[in-house]
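Asker: Can you keep this structure in mind? I'll have questions shortly.
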Protein chains: 2
Amino acid sequence: MPSPEYPQEFLDALTAILGRRGLRIGEEVALLDPGTNPGNLRAGLMARPADAAEAARVLALCAGAGVGVVPQGGRTGLAGGASTRPGELILSLDRMDRVESVDASSRSATVQAGVTLARLEEALAPLGLTVGVDLGARGSATLGGMVATNAGGIEAFRYGTMRERVLGLEVALCSGEILTELSRVRKDNAGLPLRQLFIGSEGTLGVITRVVLSLVPIGGTRHTALALLPSLDAAIAVMRSVEAAPGASLAAAELMSGNHIALTARSLGIAQLTAVAPAAFGLLLVVTGDQSGAAQAALESELARASEAGLLLDCVLPKNAAEERDLWRVREDWAVDRVHPGGLWYDVSVPIDRLALYLTDLERRLARHDGGLAHYLVGHLADGNVHLTINAAVPITERYAEVAPIVYAGLKELGGSFSAEHGIGLEKRASLERWAGEGGVRLMRTVKALFDPTWVLNPGKVITRGS
Amino acid sequence: MPSPEYPQEFLDALTAILGRRGLRIGEEVALLDPGTNPGNLRAGLMARPADAAEAARVLALCAGAGVGVVPQGGRTGLAGGASTRPGELILSLDRMDRVESVDASSRSATVQAGVTLARLEEALAPLGLTVGVDLGARGSATLGGMVATNAGGIEAFRYGTMRERVLGLEVALCSGEILTELSRVRKDNAGLPLRQLFIGSEGTLGVITRVVLSLVPIGGTRHTALALLPSLDAAIAVMRSVEAAPGASLAAAELMSGNHIALTARSLGIAQLTAVAPAAFGLLLVVTGDQSGAAQAALESELARASEAGLLLDCVLPKNAAEERDLWRVREDWAVDRVHPGGLWYDVSVPIDRLALYLTDLERRLARHDGGLAHYLVGHLADGNVHLTINAAVPITERYAEVAPIVYAGLKELGGSFSAEHGIGLEKRASLERWAGEGGVRLMRTVKALFDPTWVLNPGKVITRGS
C-alpha cells in the first residue's frame, strides 16, 4: 500500500518509467536491511532503475515534482549520507549489479554501480587482478557508493583512493541527461574534468550508474604480523623500515590503540591477543611478495631489528590462516560500540609527522573538557588517517557537535582533514561549513545548484541551500 | 612604452596592485623566450603577481574591465593553451618560484606555482624523494602549469598523473577570492571536490598559485635498456615480463616507432643506434632496484628470455651514463620536426589491448586518405599513450583539422581518449566539441561561466562561449 506522502500522479509517473517491478513500496522497503543507519529506510518508496536511462528519467521526474531523492548503494555509509525521511524517494542501484567487462591486458573493469566490492574482487581474482581499494565493508559496499564517497580504506597509501582508481564514469543527472565519460585509459584530458565532481560528492550532484576502474596486479603471497609498540613514533619507524625492505611490498599498516586491542580481543575471546603485553599501539602489518618466502623473511627480520632497537614491546606472527583472520577481526570489529554503546565516531587525517603531536594534544583537550571521556583509535597509519571513538560511562550520542570542535582543533593548521574517508553526509555538515568558510560554502552551493537547481538530490546531505 | 591596446586606466589599476616591478610592458615582454608557441608573447603586457592575493586582484580587475587574461607557467605547452593575442594580459607565475616546504616524513612538498619540475626535483633528491611525474620539459615546465594541464609523462603508469600527485591547491579566482585547500593528506573529503575542477582545466577557471604535492621515495639505482621489437604485441609482452620480474621495479616503458629511432639516431649521430637492425618498435625500459644489482640482472634475464622466445630483434644495453643519456636523447628529441618541418602532432590514449588494432587501422586510414602522409610515433606504452607526428614531403600545418578525424576515428568506441596529456588549448577545441557532444559542451560551458562569468580567463582555450 502506497504511503500517503506520495501523490498518486507521482507514483503513476514513476511506475510508467520503471514498471511495478522497478518499485518497492511501503512494507517492501521497510523489510529490507537498513544497513549502518536506522534512518536509511525511513522513506516509504524505493525506485530501482535497471539502467542509466531509467535513473535519469527518475531524477528528472523528482526534480520536476520537488520530491527529494536519495541514492543508495550498500547502505554501509557511516556519516548518514544515505539516510532518508518520509516523503523522499530512495533510488537504489541494487538492480544494476552486473560486472560488464574485465580487460586483463589493459587492466580495467567496467561495472554497473550496484556491484559490491567483494563480488568484483571475486571476478578479478582468477585473473590475478584487484581493485586496489579494500575496506571492512567490502561485502556490502557498492562500487557506485565507493566512488560517490571517494572511499579510501586499507590500501589507499599505495593505490590511492577511489578517485585514483576511476578511469571513467556514467552519471545520471537531474536534467534527465546522462554524462557518459567511459574512458578506459588513465591519460584522458578531454576538457573540463566534469566526472571528478561526482567522485566524493556523495550523491548530491548526480547518480553514478556505471564505473570504469583501473586495476592492479595482485601482489602475490601475503604475510601478516601484529607489532605491539610503546609509541606512535615507534609505529612509524617500524612501518617505514618494513616498507623499505627489499623483497617485500607493504600492503597494509593498520594502527590500533592499545585499549582497542585489549577490549576487542577480550570481547571476541581471542586468546592469541589477550596474553600479549599492554602496548600504546598495535600495528597490523601485511607484506606481499613472490613464492620465494623473501617477503616473510624481510618482515620478520625488520621486526627483529626493531625489537633489538627497543622499538617493539611484543609481536604476534599468526601460525595459520585462522590466526591471521583473528588479527583482522580485531582490527575490523568494533567491540567498543557493543561494550560501551553510544559513543561518537570521528574520522580525521593528519600528516604522519604531526600525528603524535595531534594525538597528545587531543588527549589533553579531551581531559580538560570532560575527564569522563575515553577514546579508542583505529586507522590507516601510512595515510595518517585515524578513526576515533570517544565515549563515556553513559551514551553520549547527542554530544557530537559539542565534542567535534575538540577533535578538529588545529587540524587545518597541521594540513590535515576533519573528513578523511567516511564522508560528510548529515553528520559533518555543520563542521564542513566552519571548515570551508563562507567563500568555500558559497562556491559549493553554486556548483550544487548548477547540477540540481531544485535541490532534490540527496537533500540535506553535505551542503544545504542555506538561509 | 605601453601598447595602445591597454587603456591608461587599466594600466594604472594594474600598477596599483603590482607596482611597476610586477609588470612587463611592450618590449620587456617581446624579449622573453616565447617557449613552444610563437604566439605565447603576442600580448604586449605581462602581470607578475608575487602571491595569490595579487593574482586574485589582477583577475578581478580583468573580469571587471573585460580584458582577457592568460596564465603562463613555463610556456612549454604543446596545444596552444598559453598563446595570447594583442590586447590580452599575460599573467606570469615567474615570481612565485619558492619551494616553501618539504616534509620528508609524511612525504609532501608545498611549492609556489612557478617552481619548475627540475628545481623541485633538485630540492627533493637529497631527501630520497621525487614528485613521481617526469616529462621531457622538466627544465621549464612549472608545477602550476603541470597541475593546470594534469600532466602525465613517463611515470604516470605507476604514480598517476598530476591529479594523483596533488594533495592541496590554492587558486586565485575571477571573483577576486582565493580558494584555499592546502591539505597535506591523501584522504580528504571535505565537501564537493572543488579543487579537482582546476586540475586539467588549463587555466580557464582560475589561476593555480600554490600546490601541495604527494611525494614518493626514489626507487633506487636505475638500469636502462632499449629493446628492438618486431611488433607491438612483442613490446607489450616484454614490458609485462619486466614489470613482473622480482627484484626490479619498472620505472619507464617508452615506445618509439622504428622510423623515429632511425631518423633521430641519424640526425643526432648516435652510432650506438645507427648500427642496430631495423625494427617495427623500440622500447626504452628503465627498472629500479636496490644496490644488489638484482634489478639489472632481472632486466637482462627477461630480455634474454624474450630473445629466446623470438620476441626480440635486437637489444642495446648502455655501457655508461653517456650511452644511457643518448638513448633518452633519441626518445626526447624530435628530429622529425627538423628533418621534415611542418608536421602535425596528435596525442591519444588507447587501452593497450587495443593499441595494435588502432595503429593498424590508423595506418590504413591514412594511406587511403592520402598516400603521401607518413607517421612517426613515440609514447608511454604502459598507459597506451602515443604521440603521433603525421607529415608529408611539404609542410602540412594547415591540415590539422582535416587529419584529426582520421586520427580520432574509433577512439571513443575503444575506450581511448583523443586528448591524453598535452591538453586541449586552442588546438583541439573543435575536436573537443565533437568528442563531448552537445550535452557535454553545455555542461562545461555552465561550469566555466560559474567561475568566469565574463569569460576573460584564458579566452578561446578549451571551451568557448558558443553561439
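The values are calculated or read from the model by the stated rules, or taken from the named source; none is laboratory data. Predicted, not measured: the structure shown is a model, and the values here were computed from it. Neighbour counts are summed over all protein chains in view; Cβ atoms, including those assigned to glycine, are modelled from backbone coordinates with ideal geometry. Note: areas computed on protein heavy atoms with side chains; ligands, DNA, RNA excluded. Shrake-Rupley method; radii C 1.70, N 1.55, O 1.52, S 1.80 Å.
Asker: Looking at the structure I just gave you, is A:ASP353 touching a His at 6+ places or on another chain (Cβ under 8 Å) and within 25 Å of B:VAL216 (Cα to Cα)?
Answerer: Criteria not met by A:ASP353.
Asker: Right, here's the next one. (1) assigned to a helix (DSSP H, G or I); (2) within 9 Å of another protein chain (Cβ to nearest Cβ); (3) under 22 Å from the mean Cα position of the chain (by Cα): which one isn't true of B:LEU443, the others all being true?
Answerer: Just one mismatch for B:LEU443, condition (3).
Okay, residues lined up against (1) over 29 Å from A:GLY371 (Cα atoms); (2) among the hydroxyl-bearing types (Ser, Thr, Tyr); (3) out of contact with any strand residue (DSSP E or B) (no Cβ under 8 Å at 6 or more places or on another chain):
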| residue | (1), (2), (3) |
| --- | --- |
| A:ALA401 | no, no, yes |
| A:ALA430 | no, no, yes |
| A:ARG434 | no, no, yes |
| A:GLY437 | yes, no, yes |
| A:THR446 | yes, yes, yes |
| A:PHE451 | yes, no, no |
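Asker: Within region A:35-73, can you find the residues that are assigned to a loop (DSSP other than H, G, I, E, B) and either more than 24 Å from the chain's Cα centre (by Cα) or modelled with pLDDT of 95 or more (or both)? Full working, then the answer.
Answerer: Residues of region A:35-73 assigned to a loop (DSSP other than H, G, I, E, B): A:35-37, A:42-44, A:48-51, A:66-68, A:73.
If the condition is that a residue be assigned to a loop (DSSP other than H, G, I, E, B) and either more than 24 Å from the chain's Cα centre (by Cα) or modelled with pLDDT of 95 or more (or both), then A:ARG42, A:ALA43, A:GLY44, A:ARG48, A:PRO49, A:ALA50, A:ASP51, A:GLY66, A:VAL67, A:GLY68, A:GLY73 are the ones that fit.
Asker: Does any residue of region A:238-246 turn out to be more than 14 Å from chain B (Cβ to nearest Cβ) and of a type in the set (Gly, Ala, Ser)?
Answerer: no
Asker: Oh, and also: So the check is Cβ under 6 Å with 6+ separation or different chains; which pairs have a first residue in region B:24-38 that's closer than 21 Å to B:LEU14 by Cα and a second one that's surrounded by fewer than 16 Cβ atoms within 10 Å (Cβ to Cβ)?
Answerer: Listed by first residue and then by second, the contacts come to B:ILE25/B:PRO2; B:GLY26/B:MET1; B:GLY26/B:SER3.
Asker: Same structure, new question: Can you name every residue in region B:386-437 that is hydrophobic (A, V, I, L, M, F, W, C), touching a Phe, Trp or Tyr at 6+ places or on another chain (Cβ under 7 Å) and within 10 Å of another protein chain (Cβ to nearest Cβ)?
Answerer: Passing the criteria: B:LEU411, B:LEU414, B:PHE418, B:TRP435.
Asker: Of everything in region A:389-402 that's part of a helix (DSSP H, G or I) and under 22 Å from the mean Cα position of the chain (by Cα), which residue is farthest from A:ALA356 (Cα to Cα)?
Answerer: So the residue we want is A:THR397.
Asker: Out of all the residues in region B:200-210, which are within 20 Å of B:ALA420 (Cα to Cα) and touching a strand residue (DSSP E or B) at 6+ places or on another chain (Cβ under 6 Å)?
Answerer: If the condition is that a residue be within 20 Å of B:ALA420 (Cα to Cα) and touching a strand residue (DSSP E or B) at 6+ places or on another chain (Cβ under 6 Å), then B:GLY203, B:THR204 are the ones that fit.
Asker: Separate question: Residue under question is A:LYS412, and the condition is that it be more than 23 Å from B:ARG184 (Cα to Cα) and among the charged types (D, E, K, R); does it hold?
Answerer: no
Asker: Quick one: would you say A:GLU363 is under 16 Å from A:VAL378 (Cα atoms), without any contact (Cβ under 8 Å) to a residue 40 or more places away in the chain, surrounded by fewer than 22 Cβ atoms within 10 Å (Cβ to Cβ) and acidic (Asp, Glu)? Write out each step before concluding.
Answerer: Details: under 16 Å from A:VAL378 (Cα atoms): yes; without any contact (Cβ under 8 Å) to a residue 40 or more places away in the chain: yes; surrounded by fewer than 22 Cβ atoms within 10 Å (Cβ to Cβ): yes; acidic (Asp, Glu): yes.
Yes: the conditions hold for A:GLU363.
Asker: Pick from region A:393-432 the residues that are in contact (Cβ under 8 Å) with a residue 12 or more places away in the chain and acidic (Asp, Glu): which of them is least open to solvent (accessible area, probe 1.4 Å)?
Answerer: A:GLU421
Asker: Follow-up. Count, please, the residues in region A:436-459 that happen to be in contact (Cβ under 8 Å) with a residue 24 or more places away in the chain, more than 16 Å from A:ALA148 (Cβ to Cβ) and either β-branched (Val, Ile, Thr) or open to solvent by less than 30 Å² (accessible area, probe 1.4 Å) (or both).
Answerer: 3
Asker: Which fully enclosed helices (runs of 4 or more DSSP H) of region A:118-190 have 3 or more residues being surrounded by 24 or more Cβ atoms within 10 Å (Cβ to Cβ) and touching a residue at least 40 places away in the same chain (Cβ under 8 Å)?
Answerer: A:143-148
Asker: Within region B:33-47, track down each residue that is open to solvent by 40 Å² or more (accessible area, probe 1.4 Å) and under 24 Å from B:ARG98 (Cβ atoms).
Answerer: Within region B:33-47, B:ASP33 is the sole residue that qualifies.
Asker: If we keep just the residues of region A:99-117 that are in a loop (DSSP other than H, G, I, E, B) and closer than 25 Å to A:GLY203 by Cβ, which is farthest from the other protein chains (Cβ to nearest Cβ)?
Answerer: A:GLY114
Asker: Still on this structure, please answer the following. Would you mind listing the helices (runs of 4 or more DSSP H) fully within region A:229-337 where at least 1 residues are more than 29 Å from the chain's Cα centre (by Cα) and either surrounded by 21 or more Cβ atoms within 10 Å (Cβ to Cβ) or small (Gly, Ala, Ser) (or both)?
Answerer: It comes to A:271-274, A:294-308.
Asker: Moving on to the next point. Of the conditions (1) within 21 Å of B:ALA82 (Cβ to Cβ); (2) more than 9 Å from chain A (Cβ to nearest Cβ); (3) touching a strand residue (DSSP E or B) at 6+ places or on another chain (Cβ under 7 Å); (4) surrounded by 24 or more Cβ atoms within 10 Å (Cβ to Cβ), B:LEU213 satisfies every one except a single condition; which number is it?
Answerer: If we test B:LEU213 against (1) within 21 Å of B:ALA82 (Cβ to Cβ); (2) more than 9 Å from chain A (Cβ to nearest Cβ); (3) touching a strand residue (DSSP E or B) at 6+ places or on another chain (Cβ under 7 Å); (4) surrounded by 24 or more Cβ atoms within 10 Å (Cβ to Cβ), just (1) comes out false.
Asker: Can you name the residue in region B:191-210 that is facing another protein chain (nearest Cβ under 7 Å) and farther than 21 Å from B:ARG158 by Cα and is also surrounded by the most Cβ atoms within 10 Å (Cβ to Cβ) among such residues? Steps first, please.
Answerer: As a first pass, look at region B:191-210 and keep what is facing another protein chain (nearest Cβ under 7 Å): B:191-194, B:196-197, B:199-201.
Among the residues that remain, those that are also farther than 21 Å from B:ARG158 by Cα are: B:191-194, B:197, B:201.
Numbers: B:GLY191: 27, B:LEU192: 29, B:PRO193: 22, B:LEU194: 22, B:LEU197: 26, B:SER201: 32.
Top of the filtered list is B:SER201.
Asker: Given (1) β-branched (Val, Ile, Thr); (2) surrounded by fewer than 19 Cβ atoms within 10 Å (Cβ to Cβ); (3) under 23 Å from B:LEU143 (Cα atoms), where does B:ILE25 come up short, assuming only one miss?
Answerer: (3)
Asker: May I ask you to say which residue of B:GLY384, B:GLY371, B:GLY379 is modelled with pLDDT of 95 or more and out of contact with any strand residue (DSSP E or B) (no Cβ under 6 Å at 6 or more places or on another chain)? Walk me through how you get there before you give the answer.
Answerer: Working: B:GLY384 fails: out of contact with any strand residue (DSSP E or B) (no Cβ under 6 Å at 6 or more places or on another chain); B:GLY379 fails: out of contact with any strand residue (DSSP E or B) (no Cβ under 6 Å at 6 or more places or on another chain).
Matching residue, one of B:GLY384, B:GLY371, B:GLY379: B:GLY371.
Asker: Just wondering, is there one or more residues in region A:350-363 that are more than 14 Å from chain B (Cβ to nearest Cβ) and assigned to a strand (DSSP E or B)?
Answerer: No.
Asker: Scan region A:446-467 for residues that are within 30 Å of A:TYR358 (Cα to Cα) and more than 8 Å from chain B (Cβ to nearest Cβ) and jot them down.
Answerer: Answer for region A:446-467, where residues must be within 30 Å of A:TYR358 (Cα to Cα) and more than 8 Å from chain B (Cβ to nearest Cβ): just A:LYS461.
Asker: If I ask for residues that are under 26 Å from A:LEU355 (Cα atoms) and within 14 Å of chain B (Cβ to nearest Cβ), which ones from region A:255-289 would you list?
Answerer: A:LEU255, A:VAL287
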